[in-house]
Amino acid sequence: MSTVPLISRLPPLPAVRDLLNLYRLQAVKQLSQNFLIDPKLTSKLVSAAGKITNGYVCEVGPGAGSLTRVILSRNVNKLVVVEKDKRFQPPLEMLAEASGDRMSIVWGDVLSHNLTNAFPEESKRDWTDQPPNIHIIGNLPFNIATPLIIRWLKAISERSNAWVHGRVPMTLTFQKEVAERMVAKIGSRERCRLSVMVQHLCYVEHKFTIPGKAFVPKPNVDVGVVHFTPLATPKIQAPFKLVEKVARNTFSFRQKYCRRGLETLFPSSMRDEQTHKLLQLADVDGTLRPFELSIEEFNRICQAYSIILEKYPSLERYDSRSEDGFDDTLLH
Ligand code: SAM
C-alpha cells in the first residue's frame with residue numbers, strides 16, 4: 001500500500017484511494033458521495049478558506065478524510081467533522097488518532113447538528129469585529145447543499161448555531177450552476193432568489209471550479225468552490241422569513257415585470273391597491289424585471305412590505321401558492 005508524504009504533525013498515512021479500496025467504500029448515491037482525491041485539489045480547496053493555522057474548523061461530510069488530512073496538516077487547534085455514513089469509521093478514527101487529540105468525530109446529520117458549542121468560548125468575536133479564526137469547510141453532498149446553505153443563512157441572520165461565535169466564514173462546494181447563481185450580479189441570467197438571499201447576508205466569492213472528472217465517481221456536473229463571509233451589517237434589514245417570502249414571490253414570474261410577482265404577496269381583494277402602495281412606498285419601478293432589482297431595492301421593498309404588514313398583520317401568513325392562501329410554515 002502506498003503512503004502519502006509526511007505532512008506536518010501527522011504520521012504517514014495510507015493514501016485515501018487505498019483506504020477506499022481496503023474498506024470497499026463504494027460511493028452511496030443517496031448520500032451524494034463524490035470523493036475528491038487529487039491532493040492538489042484538496043489542498044487548493046482548503047487554501048480557499050484562507051489562513052486556518054491555530055484556528056478551529058468544522059468539516060462537513062469528511063468521507064474517507066481527503067480534505068480532513070489537509071486541514072489537520074495546516075496545524076489547526078481543533079477540528080470537528082460531521083459525517084452521516086458510519087462506514088467511514090475506520091479511516092476517520094485512524095485520522096483522529098494520528099491528529100494527537102485535535103480531531104473529534106460527530107456521527108450524524110449536519111442538517112440537524114447544532115454547532116453552538118462546537119468551538120471554545122475564547123475563540124468568539126463580536127459580530128462587528130473581524131471574523132474569528134473559526135472555519136466551516138466541506139465538499140458538500142449535492143443533495144443537501146442548497147437546503148443546508150439556506151438553513152445556515154437563516155442562522156447567520158439570527159446569529160445562532162455556529163454564528164454565536166461571530167462572523168464565521170464558510171468554504172463549501174456546490175454544483176457549478178448553483179455557485180454561479182449565488183454570486184450572480186444584477187441583470188445577469190443567473191440572478192435569482194438565492195442570489196438575493198446569499199448576497200444580502202454575506203460577502204460571497206466563487207473561488208474556482210473543479211471539473212466533474214476530478215471526482216470519484218464522476219458526477220454529471222462541474223463543482224464550484226464558494227467562500228462566504230457574513231456581513232457585519234446585512235444589506236436587507238428584515239427577518240429572514242420575510243426576505244425569503246418577498247424574494248420568492250418577486251422571482252415567481254422571472255421574465256415579467258417585478259410588479260407581477262409582488263402582486264402575489266396580496267390576496268385578490270386588495271392586490272392592485274396594495275401592490276401600487278408597496279411600489280410607491282419602496283420607490284421602486286414596477287416595470288423592472290426581478291433580475292434587474294438591486295439588493296438595495298429589495299431592502300426598500302421589504303421595508304415597505306413590513307409597513308403594510310403592520311396595518312394588515314394576517315397578511316404575514318398569506319401564501320398565494322397554498323390552497324386557502326395561508327402558509328402555516330410562516331407561523332414558526
Ligand atoms: N469530503 C469527502 C471528499 O471530499 O472526498 C467526501 C465528500 S462527499 C461529496 C459528501 C460526504 O458527505 C460523504 O462522506 C457523505 O457520506 C456525507 N454526507 C451526506 N449527507 C450528509 C449529511 N446529511 N450529514 C453529514 N454528512 C453527510
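For segment 220-236, the Karplus equation 6.51 cos²θ - 1.76 cosθ + 1.60, evaluated at θ = phi - 60°, returns couplings of 7, 10, 8, 10, x, 9, 10, 10, 10, 10, x, 7, 4, 10, x, 7, 10 Hz by residue, with Gly and Pro reported as x. Under 18 Å from the 7 Å Cα→Cβ point of K256, by amide nitrogen: which residues of segment 289-309? Once the point is set 7 Å along Cα→Cβ of K256, 289-293 turn out to lie under 18 Å by backbone N, inside segment 289-309.
Name the residues of segment 103-118 whose amide N is less than 14 Å from a point 7 angstrom out from the Cα of K86 along the C-beta direction? It comes to 106-109, nothing else.
Here segment 240-317 is assigned +1 on the Cβ of each Lys and Arg and -1 on the Cβ of each Asp and Glu. Its dipole about the Cα centre then comes out at about 320 debye.
What you get for the chain, charging only the Cβ of Lys and Arg (+1) and of Asp and Glu (-1), is a dipole of about 860 debye around the Cα centre. Amide H contacts for M103 (H built 1.01 Å from N in the peptide plane; partners 5 or more residues away or on another chain; cut-off under 5 Å): L79.
For the chain, the relative contact order works out to 13 percent when only alpha carbon pairs closer than 8 Å and six or more residues apart are counted. Ranked by the mean number of other Cβ atoms within 10 Å of their residues, highest first, the peptides 32-39, 49-56 come out as 32-39, 49-56.
Where only DSSP H runs of four or more residues are counted, the chain gives -10000 deg cm²/dmol as its mean residue ellipticity at 222 nm, each run worth -39500 (n - 2.57).
Using 1/(1 + (r/R0)^6) with R0 = 25 angstrom and r between the beta carbons of V28 and D101, what's the FRET efficiency to the nearest 0.05? My answer for the efficiency is 0.25. Full extension of the segment from L281 to L242, taken as 0.36 nm per residue of separation minus the current Cα-Cα distance, would add 12.4 nm.
From least to most packed, judged by other beta carbons within 10 angstrom and beginning with the fewest, H200, H113 follow the order H113, H200. Legend: residue pairs K176/K256; K29/K124; K185/K256; K51/K245; K40/K235, Cα-Cα distance threshold 28 Å; pairs beyond threshold, K29/K124; K51/K245; K40/K235. Cross-link reach is defined here as a Cα-Cα straight distance under 13 Å, omitting same-chain residues fewer than 8 places apart; for K241 the aspartates and glutamates meeting it are E158, E316, D319, D327, D328.
Each reported figure results from applying straightforward, stated rules to the coordinates on display, with no laboratory input. These figures come from a predicted structure and were not determined experimentally. Note: ideal-geometry Cβ built from the backbone for every residue, glycine included; neighbour counts use all protein chains shown.
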